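These notes are about the structure you will find just below.
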Amino acid sequence: MTPITIGTDTGGSIRHPASFTGTVVLIPTYGSCSRYVIVAFASSLDQAGPMAKNVKDCTLRHEVISSYDLKDSTSIDFKRNNYSEILTNNIKGKKIGIPKEYRVDSMPKEIEDL
């Protein structure tokens, strides 16, 4: 309904729907985006993050909402990166980590291959 927005997530509120709809979401590093005025359900898990139709728009929104906020006791004052400046389609040299806990002894081969 909107090209870009902000959602809140405690246990998957934006991550799960995004995985079914092809929506791009980003759950920011804890303390990088203010949670002021968000009703806390589980303070150590609550996050506010951007939602968009593509990675570029999601990155730009994140740069806008990522800032230090004196009104949020969990907000951290640090230099934020301009991720949109380094956003490219080149993945050469990048590594993708898969936690060993995601692999189980009885996992079907077709899943293992994926």
Checklist entry - For the range 59-80, does any single residue satisfy the condition of being modelled with pLDDT under 90, touching a Lys or Arg at 6+ places or on another chain (Cβ under 7 Å) and surrounded by fewer than 16 Cβ atoms within 10 Å (Cβ to Cβ)? => result no
Checklist entry - Is the range 14-24 home to any residue that is modelled with pLDDT under 90, surrounded by 12 or more Cβ atoms within 10 Å (Cβ to Cβ) and in a loop (DSSP other than H, G, I, E, B)? => result yes
Checklist outcome for this item: The one condition TYR102 fails out of (1) over 25 Å from THR2 (Cβ atoms); (2) of a type in the set (Phe, Trp, Tyr); (3) in contact (Cβ under 8 Å) with a residue 24 or more places away in the chain is (3)
Checklist entry - Which one of PRO28, PRO50 is within 15 Å of THR5 (Cβ to Cβ), surrounded by 12 or more Cβ atoms within 10 Å (Cβ to Cβ) and at pLDDT below 90? => result PRO28
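The values are calculated or read from the model by the stated rules, or taken from the named source; none is laboratory data. In this text the structure is predicted, and so the values were computed from the model without any measurement. Cβ atoms come from the backbone with ideal geometry, glycine included; neighbour counts cover every protein chain shown.
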